[in-house]
Structure formats: structure tokens, C-alpha cells
Amino acid sequence: MPSIRSRVQKHRQNLRAAGLRPVQIWVPDTRRPDFEQECRRQCRIVALSDSAEPSLQQFMDETLTDVEGWKE
């Protein structure tokens, strides 16, 4: 039976042959004790920004309708 390392290597080679490449993505650690507090802080900033710039909402609404030619 092949080792785990060789199976993983073969799997990665197959993915690369299919035109894929590996990437590393760093995301916030939701287990941190200050995660919820930081989410609230950022939400308040966004809410204040939205209310201070009413044209931003109009721009976003118009942008959502401009999807001609996009593929799903």
C-alpha cells in the first residue's frame, strides 16, 4: 500500500494536471476570545460609513444590475 505522502503527492499532481494550483488563504480565527468584539467594531464602522455616504448605496444597487455578460 502506498504511503500517505505518495498518495497526497499523486493527488496534487492530478490536480495540477487538471489546471489547478494550490493557494494558501489566511482567514480570521473565529475561536479567538476577541473575535466577536472585533466583528461588532467593524460592523459599526461600516454602518457609519454607509450612513455618511448615501450615494454609496445607490452605486452598489446600480452595480448589481450591471451583470450583462457575466457567467455563472
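Read the figures in this text as sums done on the coordinates, not as results from a lab. In this text, all values refer to a predicted model and were calculated from it rather than measured experimentally. Cβ placement follows ideal geometry from the backbone for every residue including glycine, while neighbour counts extend to all protein chains displayed.
Of all the residues in region 12-30, those that are surrounded by 10 or more Cβ atoms within 10 Å (Cβ to Cβ) and over 21 Å from the mean Cα position of the chain (by Cα) number 5.
Contact map, region 40-69: residues that are free of Cβ contacts under 8 Å to residues at least 60 places away in the same chain paired with residues that are in a helix (DSSP H, G or I) and among the small types (Gly, Ala, Ser), Cβ distance under 9 Å, separation 6+ or inter-chain. Pairs shown: Leu56/Ser49.
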